[in-house]
Amino acid sequence: MESRSKDVVRQAATIAAAVFMLIAATVGSGAVGGTSVDELQDGALSASGSYLAPAGPAFSIWSLIYLGLIAYTVWQALPAQRDNERQRETGWWIAATMVLNGLWLVTAQFLTLPLTVLVIALLLAALARVMVLLNRRSPRTWPERIVVDGANGLHFGWVTIATVANTAAWLTQIAPADWAEQAEVWAVAVLAVVLVIGVASALVLKRIAPALATAWGLSWLAVGRLTGEPDSTVTAIAGIVVAVALVVAGVVGVLRRRRAASVSV
(Lines give C-alpha, C1' and ligand atoms only; values in the text may rest on other atoms or scores of the structure.)
Protein backbone atom coordinates (compact mmCIF):
# COMPACT_ATOMS: atom_id res chain seq x y z
CA MET A 1 0.00 0.00 0.00
CA GLU A 2 2.82 2.39 0.87
CA SER A 3 4.52 1.68 -2.45
CA ARG A 4 1.26 2.32 -4.30
CA SER A 5 0.85 5.66 -2.53
CA LYS A 6 4.36 6.70 -3.51
CA ASP A 7 3.63 5.76 -7.11
CA VAL A 8 0.49 7.90 -7.16
CA VAL A 9 2.39 10.83 -5.64
CA ARG A 10 5.06 10.46 -8.33
CA GLN A 11 2.47 10.46 -11.09
CA ALA A 12 0.72 13.51 -9.65
CA ALA A 13 4.01 15.35 -9.18
CA THR A 14 4.93 14.68 -12.81
CA ILE A 15 1.61 16.14 -13.96
CA ALA A 16 2.19 19.20 -11.77
CA ALA A 17 5.71 19.58 -13.18
CA ALA A 18 4.40 19.44 -16.74
CA VAL A 19 1.74 22.05 -15.99
CA PHE A 20 4.36 24.33 -14.44
CA MET A 21 6.62 23.86 -17.46
CA LEU A 22 3.88 24.82 -19.91
CA ILE A 23 2.77 27.85 -17.88
CA ALA A 24 6.37 28.97 -17.47
CA ALA A 25 6.99 28.51 -21.19
CA THR A 26 3.97 30.65 -22.00
CA VAL A 27 4.97 33.41 -19.59
CA GLY A 28 8.73 33.18 -20.08
CA SER A 29 8.58 33.26 -23.87
CA GLY A 30 6.58 36.48 -23.83
CA ALA A 31 3.58 34.80 -25.47
CA VAL A 32 1.16 36.58 -23.12
CA GLY A 33 3.01 39.86 -22.96
CA GLY A 34 6.48 40.73 -21.85
CA THR A 35 9.73 40.39 -23.73
CA SER A 36 10.35 37.75 -26.40
CA VAL A 37 13.30 35.41 -25.87
CA ASP A 38 15.28 37.07 -28.68
CA GLU A 39 15.17 40.37 -26.82
CA LEU A 40 15.86 39.04 -23.33
CA GLN A 41 19.09 39.88 -21.52
CA ASP A 42 19.84 42.71 -23.97
CA GLY A 43 19.67 40.31 -26.91
CA ALA A 44 22.32 37.96 -25.52
CA LEU A 45 20.06 34.95 -26.10
CA SER A 46 19.20 35.85 -29.69
CA ALA A 47 20.47 34.11 -32.82
CA SER A 48 23.20 36.74 -33.08
CA GLY A 49 24.18 36.61 -29.41
CA SER A 50 27.37 34.64 -30.00
CA TYR A 51 29.26 32.53 -32.53
CA LEU A 52 27.61 29.43 -31.06
CA ALA A 53 24.00 30.59 -31.24
CA PRO A 54 21.75 28.61 -33.62
CA ALA A 55 19.60 30.49 -36.12
CA GLY A 56 16.01 31.20 -35.10
CA PRO A 57 14.28 28.24 -36.84
CA ALA A 58 16.31 25.82 -34.70
CA PHE A 59 14.11 26.62 -31.73
CA SER A 60 11.07 25.13 -33.44
CA ILE A 61 12.28 21.81 -32.02
CA TRP A 62 10.78 22.92 -28.72
CA SER A 63 7.32 22.24 -30.16
CA LEU A 64 8.27 18.60 -30.72
CA ILE A 65 9.93 18.32 -27.31
CA TYR A 66 6.93 19.80 -25.51
CA LEU A 67 4.57 17.54 -27.45
CA GLY A 68 6.67 14.55 -26.47
CA LEU A 69 6.78 15.55 -22.81
CA ILE A 70 3.02 16.10 -22.74
CA ALA A 71 2.53 12.65 -24.26
CA TYR A 72 4.91 11.24 -21.66
CA THR A 73 2.99 12.93 -18.85
CA VAL A 74 -0.28 11.41 -20.01
CA TRP A 75 1.30 7.99 -20.54
CA GLN A 76 2.99 7.84 -17.14
CA ALA A 77 -0.28 8.78 -15.43
CA LEU A 78 -2.03 5.66 -16.73
CA PRO A 79 -2.81 3.07 -14.04
CA ALA A 80 -0.79 0.48 -15.97
CA GLN A 81 2.37 2.55 -15.47
CA ARG A 82 1.91 3.07 -11.75
CA ASP A 83 4.21 0.21 -10.75
CA ASN A 84 6.47 0.45 -13.80
CA GLU A 85 9.99 -0.02 -12.44
CA ARG A 86 11.50 2.27 -15.06
CA GLN A 87 9.13 5.01 -13.96
CA ARG A 88 9.96 4.42 -10.33
CA GLU A 89 13.62 4.97 -11.19
CA THR A 90 13.25 7.90 -13.59
CA GLY A 91 9.89 9.55 -12.89
CA TRP A 92 11.07 12.02 -10.27
CA TRP A 93 14.11 12.92 -12.35
CA ILE A 94 11.99 13.55 -15.45
CA ALA A 95 9.65 15.70 -13.37
CA ALA A 96 12.69 17.67 -12.19
CA THR A 97 13.78 18.27 -15.79
CA MET A 98 10.39 19.72 -16.63
CA VAL A 99 10.53 22.03 -13.63
CA LEU A 100 14.04 23.18 -14.58
CA ASN A 101 12.91 23.62 -18.18
CA GLY A 102 10.21 26.04 -17.09
CA LEU A 103 12.46 27.67 -14.54
CA TRP A 104 15.01 28.54 -17.23
CA LEU A 105 12.49 30.64 -19.14
CA VAL A 106 11.33 32.37 -15.98
CA THR A 107 14.97 33.06 -15.07
CA ALA A 108 15.72 34.42 -18.53
CA GLN A 109 12.64 36.65 -18.41
CA PHE A 110 12.98 38.06 -14.91
CA LEU A 111 16.47 37.38 -13.53
CA THR A 112 20.06 37.48 -14.81
CA LEU A 113 22.08 35.85 -17.58
CA PRO A 114 24.52 34.06 -15.23
CA LEU A 115 21.57 32.46 -13.45
CA THR A 116 20.25 31.14 -16.77
CA VAL A 117 23.60 29.39 -17.24
CA LEU A 118 23.29 27.82 -13.80
CA VAL A 119 19.73 26.63 -14.42
CA ILE A 120 20.46 25.16 -17.84
CA ALA A 121 23.55 23.41 -16.47
CA LEU A 122 21.39 21.82 -13.78
CA LEU A 123 18.84 20.87 -16.44
CA LEU A 124 21.53 19.22 -18.56
CA ALA A 125 22.84 17.30 -15.55
CA ALA A 126 19.34 16.10 -14.65
CA LEU A 127 18.68 15.00 -18.23
CA ALA A 128 21.99 13.15 -18.33
CA ARG A 129 20.91 11.32 -15.19
CA VAL A 130 17.59 10.44 -16.82
CA MET A 131 19.35 8.98 -19.85
CA VAL A 132 21.69 6.90 -17.70
CA LEU A 133 18.76 5.52 -15.70
CA LEU A 134 16.74 4.76 -18.84
CA ASN A 135 19.65 2.73 -20.15
CA ARG A 136 19.39 0.32 -17.24
CA ARG A 137 16.15 -1.21 -18.52
CA SER A 138 14.76 -1.58 -22.02
CA PRO A 139 11.32 -0.15 -22.84
CA ARG A 140 8.61 -2.79 -22.89
CA THR A 141 6.55 -1.33 -25.74
CA TRP A 142 6.96 0.98 -28.72
CA PRO A 143 4.78 3.69 -27.14
CA GLU A 144 7.11 3.65 -24.14
CA ARG A 145 10.14 3.86 -26.41
CA ILE A 146 8.67 6.90 -28.16
CA VAL A 147 7.22 8.93 -25.28
CA VAL A 148 9.85 8.06 -22.67
CA ASP A 149 13.11 7.38 -24.47
CA GLY A 150 12.38 9.46 -27.56
CA ALA A 151 10.99 12.55 -25.86
CA ASN A 152 13.65 12.66 -23.16
CA GLY A 153 16.37 11.85 -25.68
CA LEU A 154 15.38 14.84 -27.82
CA HIS A 155 15.21 17.01 -24.71
CA PHE A 156 18.70 15.91 -23.66
CA GLY A 157 20.20 16.38 -27.11
CA TRP A 158 18.75 19.84 -27.61
CA VAL A 159 19.66 21.06 -24.13
CA THR A 160 23.22 19.92 -24.80
CA ILE A 161 23.65 22.44 -27.61
CA ALA A 162 21.45 24.99 -25.82
CA THR A 163 23.80 24.87 -22.84
CA VAL A 164 26.73 25.59 -25.13
CA ALA A 165 24.89 28.52 -26.72
CA ASN A 166 23.70 29.89 -23.37
CA THR A 167 27.17 29.72 -21.85
CA ALA A 168 28.72 31.28 -24.95
CA ALA A 169 26.20 34.13 -24.78
CA TRP A 170 27.16 34.83 -21.18
CA LEU A 171 30.90 34.68 -21.87
CA THR A 172 30.45 36.97 -24.87
CA GLN A 173 28.85 39.53 -22.58
CA ILE A 174 31.60 39.48 -19.94
CA ALA A 175 34.73 38.76 -21.99
CA PRO A 176 37.24 41.57 -22.67
CA ALA A 177 36.81 43.26 -26.04
CA ASP A 178 40.15 41.99 -27.35
CA TRP A 179 38.94 38.39 -26.97
CA ALA A 180 36.72 38.98 -30.00
CA GLU A 181 39.76 38.52 -32.22
CA GLN A 182 39.97 34.89 -31.10
CA ALA A 183 36.23 34.22 -31.09
CA GLU A 184 36.36 31.82 -34.02
CA VAL A 185 39.18 29.85 -32.42
CA TRP A 186 37.24 29.50 -29.18
CA ALA A 187 34.07 28.56 -31.07
CA VAL A 188 35.81 25.76 -32.96
CA ALA A 189 37.49 24.57 -29.77
CA VAL A 190 34.14 24.34 -28.00
CA LEU A 191 32.64 22.47 -30.95
CA ALA A 192 35.54 20.03 -30.77
CA VAL A 193 34.62 19.35 -27.15
CA VAL A 194 30.98 18.89 -28.18
CA LEU A 195 32.17 16.40 -30.79
CA VAL A 196 34.11 14.30 -28.29
CA ILE A 197 31.40 14.32 -25.63
CA GLY A 198 28.58 13.85 -28.14
CA VAL A 199 30.18 10.90 -29.92
CA ALA A 200 31.07 9.24 -26.62
CA SER A 201 27.52 9.78 -25.36
CA ALA A 202 25.99 8.34 -28.54
CA LEU A 203 28.17 5.24 -28.40
CA VAL A 204 27.56 4.67 -24.69
CA LEU A 205 23.83 5.41 -24.63
CA LYS A 206 23.29 3.76 -28.03
CA ARG A 207 20.48 6.17 -28.87
CA ILE A 208 19.76 8.24 -31.96
CA ALA A 209 17.35 10.86 -30.53
CA PRO A 210 19.94 12.87 -28.55
CA ALA A 211 22.32 12.88 -31.51
CA LEU A 212 19.59 14.06 -33.89
CA ALA A 213 18.53 16.90 -31.59
CA THR A 214 22.09 18.12 -31.07
CA ALA A 215 22.82 17.80 -34.79
CA TRP A 216 19.67 19.82 -35.53
CA GLY A 217 20.96 22.65 -33.35
CA LEU A 218 24.44 22.47 -34.86
CA SER A 219 23.03 22.58 -38.39
CA TRP A 220 21.14 25.76 -37.62
CA LEU A 221 24.22 27.14 -35.89
CA ALA A 222 25.98 26.68 -39.22
CA VAL A 223 23.14 28.42 -41.04
CA GLY A 224 23.34 31.30 -38.60
CA ARG A 225 27.07 31.76 -39.14
CA LEU A 226 26.72 31.61 -42.93
CA THR A 227 23.70 33.88 -43.31
CA GLY A 228 23.58 36.05 -40.20
CA GLU A 229 25.70 37.85 -37.65
CA PRO A 230 28.27 37.20 -36.43
CA ASP A 231 29.34 35.58 -39.69
CA SER A 232 31.96 32.83 -39.57
CA THR A 233 32.46 30.27 -42.30
CA VAL A 234 34.99 28.40 -40.18
CA THR A 235 32.53 27.98 -37.32
CA ALA A 236 29.80 26.93 -39.76
CA ILE A 237 31.96 24.23 -41.31
CA ALA A 238 32.97 22.96 -37.87
CA GLY A 239 29.31 22.84 -36.85
CA ILE A 240 28.36 20.80 -39.92
CA VAL A 241 31.23 18.36 -39.38
CA VAL A 242 30.26 17.82 -35.75
CA ALA A 243 26.58 17.42 -36.66
CA VAL A 244 27.34 14.72 -39.23
CA ALA A 245 29.70 12.93 -36.85
CA LEU A 246 27.08 12.87 -34.10
CA VAL A 247 24.42 11.39 -36.38
CA VAL A 248 26.84 8.73 -37.60
CA ALA A 249 27.79 7.91 -34.00
CA GLY A 250 24.11 7.71 -33.07
CA VAL A 251 23.39 5.28 -35.90
CA VAL A 252 26.40 3.15 -34.95
CA GLY A 253 25.22 3.12 -31.34
CA VAL A 254 21.72 1.97 -32.31
CA LEU A 255 23.13 -0.78 -34.54
CA ARG A 256 25.33 -1.97 -31.70
CA ARG A 257 22.36 -2.05 -29.35
CA ARG A 258 20.30 -4.08 -31.79
CA ARG A 259 23.16 -6.48 -32.42
CA ALA A 260 23.64 -6.98 -28.68
CA ALA A 261 19.90 -7.56 -28.24
CA SER A 262 19.82 -10.17 -31.01
CA VAL A 263 22.81 -11.99 -29.54
CA SER A 264 21.25 -12.07 -26.06
CA VAL A 265 18.08 -13.59 -27.51
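The values are calculated or read from the model by the stated rules, or taken from the named source; none is laboratory data. Computed from a predicted model, the values in this text were never measured in an experiment. As a convention, Cβ positions derive from the backbone with ideal geometry for all residues, glycine included, and neighbour counts pool all protein chains shown.
Considering every residue within segment 191-207, establish whether at least one is assigned to a loop (DSSP other than H, G, I, E, B), closer than 22 Å to T107 by Cβ and out of contact with any His (no Cβ under 8 Å at 6 or more places or on another chain).
No, there is no match, as no residue in segment 191-207 is assigned to a loop (DSSP other than H, G, I, E, B), closer than 22 Å to T107 by Cβ and out of contact with any His (no Cβ under 8 Å at 6 or more places or on another chain).
Would a scan of segment 167-179 turn up a residue that is crowded, with 18+ Cβ neighbours inside 10 Å, part of a helix (DSSP H, G or I) and in contact with a His (Cβ under 8 Å, 6 or more places away or on another chain)?
no
Yes/no per residue for (1) at pLDDT below 95; (2) closer than 16 Å to V193 by Cα:
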| position | (1), (2) |
| --- | --- |
| A213 | no, no |
| S219 | no, no |
| L246 | no, yes |
| V254 | yes, no |
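So the check is Cβ under 7 Å with 6+ separation or different chains; which pairs have a first residue in segment 49-71 that's among the polar types (S, T, N, Q) and a second one that's buried (at least 18 other Cβ atoms within 10 Å of the Cβ)?
Close Cβ pairs (under 7 Å, with a partner that is buried (at least 18 other Cβ atoms within 10 Å of the Cβ)) amount to S50/A165; S50/A168; S50/A169; S50/T172.
How many of the residues making up segment 124-137 are over 15 Å from I208 (Cα atoms) and either without any contact (Cβ under 8 Å) to a residue 40 or more places away in the chain or over 16 Å from the mean Cα position of the chain (by Cα) (or both)?
Matching residues across segment 124-137 total 8.
Kindly provide the set of residues from segment 208-232 that are closer than 30 Å to S138 by Cβ, part of a helix (DSSP H, G or I) and either touching a Pro at 6+ places or on another chain (Cβ under 6 Å) or not hydroxyl-bearing (S, T, Y) (or both), ordered by number.
Of everything in segment 208-232, those that are closer than 30 Å to S138 by Cβ, part of a helix (DSSP H, G or I) and either touching a Pro at 6+ places or on another chain (Cβ under 6 Å) or not hydroxyl-bearing (S, T, Y) (or both) turn out to be A209, P210, A211, L212, A213, A215, W216, G217, L218.
For the structure I just gave you, tell me whether E144 is surrounded by 16 or more Cβ atoms within 10 Å (Cβ to Cβ), of a type in the set (D, E) and farther than 19 Å from A17 by Cα.
yes
Counting only residues that are touching a residue at least 12 places away in the same chain (Cβ under 8 Å), more than 18 Å from M131 (Cβ to Cβ) and in a helix (DSSP H, G or I), how many does segment 76-102 have?
Counting residues in segment 76-102 that are touching a residue at least 12 places away in the same chain (Cβ under 8 Å), more than 18 Å from M131 (Cβ to Cβ) and in a helix (DSSP H, G or I) gives 2.
Any residue that is among the acidic types (D, E) and buried (at least 16 other Cβ atoms within 10 Å of the Cβ) - is there at least one of those in segment 214-234?
Scanning segment 214-234, I find no residue that is among the acidic types (D, E) and buried (at least 16 other Cβ atoms within 10 Å of the Cβ), so the answer is no.
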